[in-house]
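What follows is one structure encoded as structure tokens, with my remarks underneath.
Please treat every number below as a calculation from the coordinates, not as lab data. Predicted model, so just to flag it, every value in this text is computed and none were measured. Positions of Cβ are backbone-derived with ideal geometry, glycine not excepted, and every protein chain shown enters the neighbour counts.
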Amino acid sequence: MKILGICGSPRVGNTEYYINVVLKELAESGFEVELVRLRDKSINQCEGCYGCIENKKCVVNDSFEEIFNKMLKADGLVIGSPVYNGSITPRLKALLDRAGFSSRWMKNDLKTDKGKYDWGQMPFSRKVFAPITVARKTGQTFAYAQLALWASVNDFIITGSNYWTIGSAGTSGSINANEDTEGISIMQHLAENMDHVIKKLKA
Ligand SMILES: Cc1cc2nc3c(=O)[nH]c(=O)nc-3n(C[C@H](O)[C@H](O)[C@H](O)COP(=O)(O)O)c2cc1C
């Protein structure tokens, strides 16, 4: 069983720290885990070309396909983003726009026999999703909602924890998630819930 972490931060910061807490717990429970750092990748925004409808894949050529294939193979995704101006980061948004839209057409067509959509199973159906967001001061819940809304329209099962899986970094771009004992325990419980749900789904 595979878990893919995706970090939307352009630096080695708090978001990556929290994602790694979750991945470490899941690795200890027997999952194969991998972290993709978007700072190492080039991902352009969706061109809105609709080429994926006909080609059954995104036709823009950059790091997208490599990451998308890992997303398809994973049983669970842990996706984390810093909050930039109240939002998830642009590269992560670009990845999610393209992954969500292009995957929809892998098993569906724009025009159906009945003239209306009948989505059925989609490539991400019943994969397990965990959102994490980190801000200096505010905006975590809005960015969290962006991630949760993406997951819920793409047929994921979203996991929570015993508190929101968000971090508050404090002043001057502090990288101090390692001092956040409450946050770490919330992330560890998130991992327990992912473990529980994925093992039930696979049973
Ligand atoms: C361009 C930019 C925009 C930011 N916007 C916000 C914001 O809207 N709200 C906030 O509380 N912090 C904001 N921050 C602070 C970051 O969210 C904070 O430093 C966070 O720890 C970054 O995550 P990271 O440590 O994983 O890189 C911003 C930082 C940058 C660089």
| said: Expected output is a single nm value to one decimal: the length gained when fully extending between residue 138 and residue 50, i.e. 0.36 nm times separation in residues minus the C-alpha distance. What is it? | reply: 28.2 nm
| query | Suppose every K and R has +1 on its Cβ and every D and E has -1 on its Cβ; what is the size of the dipole of the chain about the Cα centre, in Debye to the nearest 20? | reply | 460
| field | Dipole of the chain [Lys/Arg +1, Asp/Glu -1 at C-beta], most positive-end residue of 133, 29, 68 | value | 68
| the chain: D in µm²/s via Stokes-Einstein (Kirkwood Rh, Cα pairs, 25 °C, 0.890 mPa s)? | 142
| field | Cα-Cα over 28 Å, subset of 24/200; 41/73; 56/199; 2/111; 70/137; 24/127 | value | 56/199; 2/111; 70/137
| request: Report the relative contact order of the chain, percent, no decimals, based on alpha-carbon pairs under 8 angstrom and at least 6 residues apart. | output: 25
| Anchor residue 116: aspartates and glutamates whose Cα lies under 18 Å away (excluding residues fewer than 8 positions away in-chain) | 54
| query | Under a plain spin-label model, where a point goes 7 Å from the Cα along Cα-to-Cβ, how far apart in nm are residue 27 and residue 57? | reply | 3.0
| Points 7 angstrom from Cα along the Cβ direction at residue 172 and residue 65: gap in nanometres? | 4.6
| task | Find how much the distance from residue 107 to residue 179 grows on full extension, using 0.36 nm per residue of separation minus their present alpha carbon separation; answer in nm with one decimal. | result | 21.4 nm
| request: Just add up the charged neighbours of residue 156: K/R +1, D/E -1, any other residue whose Cβ is under 9 Å from the Cβ of residue 156. | output: +1
